[in-house]
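Let me begin by presenting the structure, written as structure tokens, before commenting on it.
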Amino acid sequence: MKIFKVGESQKAACEICQSFENATFKLRDVPFSDGKGIVKNVLVGVCDKCDSVTVLPHQSTPAVKKQYEAKRKPVEGRLPAHLIDIFYLKSDLAIGKAEKRLSLKGRQIYDELDLLKSLAHIENTTDLLKSIILKINDDVLIKRKPKSIENLRNIMAAVA
């Protein structure tokens with residue numbers, strides 16, 4: 001692996017210029033491709049013609065990964081084992097000893113679950129997770145709603 005230093009340059013494909021241009025390595029703040037966050041002070045190759053980022057050298061990957069992972073907040077709850085197996089708080093299925101841990105990680109999941117708890121007037125994450133799993137069970141396994149099943153198929157296809 002070649003290690004690049006600030007000020008070095010090489011030819012790189014520039015998407016903006018639609019050609020190979022000279023790129024000089026500089027420290028920059030670069031937004032994540034999803035637009036939700038920024039990698040601060042990372043070494044990248046910058047097009048000398050249009051000043052856009054064209055290259056992320058391999059040596060910068062750990063810094064990007066570290067800042068990306070820092071944006072993820074885990075959401076965890078302790079659930080009865082049978083809920084983990086099947087994915088309404090007043091249901092018989094929701095009652096049982098919490099034996100298994102469910103951990104969800106994502107860049108937005110923490111904030112979205114807080115919003116859901118507020119909207120549903122549910123105070124803790126564990127009860128919310130139970131509710132979500134029981135709703136999935138009802139829609140997919142009991143009532144077999146085609147739209148819900150198709151949505152799950154699409155999600156699985158996207159992450160598989």
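The values are calculated or read from the model by the stated rules, or taken from the named source; none is laboratory data. Computed from a predicted structure; not experimentally measured. Cβ atoms come from the backbone with ideal geometry, glycine included; neighbour counts cover every protein chain shown.
Scanning region 55-79 for residues that are touching a Gly at 6+ places or on another chain (Cβ under 8 Å) and either exposed (fewer than 13 other Cβ atoms within 10 Å of the Cβ) or at pLDDT 75 or above (or both) turns up 55, 56, 57, 67, 68. Which residues, taken from region 51-75, are assigned to a helix (DSSP H, G or I) and acidic (Asp, Glu)? Within region 51-75, just 69 meets the criteria.
Comparison of 26, 40, 11 shows that the only residue that is of a type in the set (Lys, Arg), farther than 30 Å from residue 141 by Cβ, in contact with a strand residue (DSSP E or B) (Cβ under 7 Å, 6 or more places away or on another chain) and surrounded by 14 or more Cβ atoms within 10 Å (Cβ to Cβ) is 26. Kindly establish whether residue 16 is farther than 30 Å from residue 113 by Cβ, touching a Ser or Thr at 6+ places or on another chain (Cβ under 6 Å), in a loop (DSSP other than H, G, I, E, B) and not charged (D, E, K, R). Here the answer is yes, as residue 16 does meet what is asked. For beta carbons closer than 7 Å, sequence separation of 6+ or different chains, a first residue in region 126-140 that is closer than 12 Å to residue 114 by Cα and a second that is modelled with pLDDT of 85 or more and of a type in the set (Lys, Arg), the qualifying pairs are 128/117. If the condition is being under 20 Å from residue 73 (Cβ atoms) and out of contact with any Lys or Arg (no Cβ under 9 Å at 6 or more places or on another chain), then region 109-121 contributes 112, 113, 114, 115, 116, 117, 118, 119, 120.
If you go through region 25-50 and keep only what is modelled with pLDDT of 90 or more and either on the phi > 0 side of the Ramachandran plot or not in a strand (DSSP E or B) (or both), you end up with 41, 48, 49, 50.
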